[in-house]
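Written below as C-alpha cells is the structure these notes are about.
The values are calculated or read from the model by the stated rules, or taken from the named source; none is laboratory data. What you are looking at is a predicted structure, and each value in this text was computed from that prediction instead of being measured. Cβ placement follows ideal geometry from the backbone for every residue including glycine, while neighbour counts extend to all protein chains displayed. Only protein heavy atoms, including side chains, enter the accessible area calculation; ligands, DNA and RNA are left aside. Shrake-Rupley method; radii C 1.70, N 1.55, O 1.52, S 1.80 Å.
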Amino acid sequence: MDFAFREEHEDLRRIVRDYLAEKSPETEIRRLMESEQGYDPVVWAQMADRLGLQGLAVPQEYGGAGFGALEMGVVMEEMGRALLCAPYLSTAVLAVQGILASGDSGAARELLPSITCGVTIATIAFSEPGRGWDEPATDTTVRRSPGRWQLDGTKNLVLDGARASGYMWYPVRQTGSAGLP
C-alpha cells in the first residue's frame, strides 16, 4: 500500500507543530504537571478559537470541521511530540467519537457545539470495577431527582474525569442510546 500525506496534512502538521512549540515548551509542561488543573485553560480556548482543534472531527452540522481519523492522527502525533498537557484525547477524540457512535442526534446537538468551541471538557466513563472492557457495564444506574439526574455507582479509569465539565449521562446500549436531558 502506498501511503503519503497530502499537502494539506503537512500544512496542518506545521501549523499545530508551530503553535505547540510556542505554547508547550518543557518548562510549561513541567509547570502544568504540578498544577491542580493540569492544563492551561487559555491555551485550551486558543486551540478551539484559533485552530479549531477540538472540533476537527466534529461534523459541520454541529459546528465542527468534519475531518476524519487521518487529520486527527496528524494532530495527535504533534500533541504527543510536544507532550501537550490538555484534555484533548478524552474530549476531542473519545467523547466526540462516543457521542457520534451513539447515534443520538439530541446528544450530538446538545454536546458537540460546546466541545467544538472549547467550552466543554468531556470524557467517557465506561469501565466498572471487576469487569473487563468487553463486558457490559451495568452496575451504575441513573434516576431522576428533583431538578437533576442522580447517578449511583462507580466507574473507573476515567481519563480527565476530574476536569470534565459536570456530568451528563448518555447510556449507550446495543439497541441504541437513551439521552437524558
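Against the conditions (1) surrounded by 15 or more Cβ atoms within 10 Å (Cβ to Cβ); (2) more than 14 Å from the chain's Cα centre (by Cα); (3) among the aromatic types (Phe, Trp, Tyr), residue 5 satisfies every one except (1). Of the numbered criteria (1) surrounded by fewer than 15 Cβ atoms within 10 Å (Cβ to Cβ); (2) modelled with pLDDT of 80 or more, the one residue 108 fails is (1).
For segment 52-65, the criterion of being open to solvent by 50 Å² or more (accessible area, probe 1.4 Å) and within 14 Å of residue 85 (Cα to Cα) is satisfied by no residue at all. Can you find even one residue in segment 161-173 that is among the basic types (Lys, Arg), at pLDDT 75 or above, closer than 20 Å to residue 45 by Cβ and open to solvent by less than 90 Å² (accessible area, probe 1.4 Å)? Within segment 161-173, one or more residues are among the basic types (Lys, Arg), at pLDDT 75 or above, closer than 20 Å to residue 45 by Cβ and open to solvent by less than 90 Å² (accessible area, probe 1.4 Å).
Are any residues in segment 66-100 assigned to a helix (DSSP H, G or I), open to solvent by 50 Å² or more (accessible area, probe 1.4 Å) and within 18 Å of residue 114 (Cα to Cα), and if so, which ones?
Initially, segment 66-100 is screened for residues assigned to a helix (DSSP H, G or I), giving 69-82, 88-100.
Next cut, open to solvent by 50 Å² or more (accessible area, probe 1.4 Å) only: 69-70, 76-77, 81, 89, 94, 97, 100.
89, 94, 97, 100 - these are the residues of segment 66-100 that are assigned to a helix (DSSP H, G or I), open to solvent by 50 Å² or more (accessible area, probe 1.4 Å) and within 18 Å of residue 114 (Cα to Cα).
If you go through segment 15-29 and pick out every residue that is of a type in the set (D, E, K, R) and exposed (fewer than 12 other Cβ atoms within 10 Å of the Cβ), you end up with 3.
For segment 115-134, how many residues meet the condition of being open to solvent by less than 80 Å² (accessible area, probe 1.4 Å), of a type outside the set (A, V, I, L, M, F, W, C) and free of Cβ contacts under 8 Å to residues at least 60 places away in the same chain?
Initial filter on segment 115-134 (open to solvent by less than 80 Å² (accessible area, probe 1.4 Å)): 115-118, 120-125, 127-129, 131-132.
Narrowing further to those that are of a type outside the set (A, V, I, L, M, F, W, C): 116, 118, 120, 123, 127-129, 131-132.
From what is left, the residues that are free of Cβ contacts under 8 Å to residues at least 60 places away in the same chain are 120, 123, 127-129, 131-132.
Final tally of qualifying residues: 7.
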